[in-house]
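Asker: This is the structure I want to talk about, given as structure tokens.
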Amino acid sequence: MAGPGNNPEDNKKEQLMKIPIVKLEEVAVTTGEEGEDVLLDLKAEFYRFYKEGNQWKERGVGTVKLLKAQRKWKNSSFLPMTSVQEHAGNEKSCVWHATDFSKGGLFCIQFISIENCKVFKESG
């Protein structure tokens with residue numbers, strides 16, 4: 001007959017609960033967006049066009065943000081010669097030519113609605 005202190009389940013729980021060997025200190029986490037105002041925050045999918053295979057490949061899904069730094073010298077934007085255009089055949093998408101960390105390319109961003117795409121084009 002098992003009493004209140006003789007429950008085998010309690011013994012298993014005690015064996016699993018261990019005191020940590022190392023004490024971790026809290027660390028401040030920064031996003032890189034501190035000191036910046038969010039001008040635009042929209043859910044979108046990001047694509048890159050690959051000539052080999054002649055196709056678009058998804059490169060990410062999430063939120064696209066346009067940020068404005070509170071210090072003027074820190075602001076950067078699309079280059080003046082960058083032209084964001086509507087993607088032919090899809091009113092929810094925009095395309096542009098740009099250079100990323102490795103080479104130039106054709107990029108596309110697709111929003112969940114036509115209204116979000118218009119807001120993006122007007123704010124850039």
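The values are calculated or read from the model by the stated rules, or taken from the named source; none is laboratory data. Computed from a predicted structure; not experimentally measured. Every residue, glycine among them, receives a Cβ derived from its backbone with ideal geometry; neighbour counts consider all protein chains shown.
Asker: Of the residues that sit in the stretch 107-118 and are within 17 Å of GLU58 (Cβ to Cβ) and among the aliphatic types (A, V, I, L, M), which one is modelled with the highest pLDDT?
Answerer: Selected residue: ILE112.
Asker: Which residue is modelled with the highest pLDDT, if the candidates are limited to the stretch 96-106 and must be under 25 Å from ASP37 (Cα atoms) and surrounded by 12 or more Cβ atoms within 10 Å (Cβ to Cβ)?
Answerer: The extreme case among them is TRP96.
Asker: Also, quick follow-up: Here are some conditions: (1) out of contact with any Leu (no Cβ under 6 Å at 6 or more places or on another chain); (2) at pLDDT below 85; (3) hydroxyl-bearing (Ser, Thr, Tyr). SER123 meets all but one. Which one does it not meet?
Answerer: Of (1) out of contact with any Leu (no Cβ under 6 Å at 6 or more places or on another chain); (2) at pLDDT below 85; (3) hydroxyl-bearing (Ser, Thr, Tyr), only one is false for SER123: (1).
Asker: In this structure, does GLU58 turn out to be surrounded by 10 or more Cβ atoms within 10 Å (Cβ to Cβ) and modelled with pLDDT of 75 or more?
Answerer: The answer is yes for GLU58.
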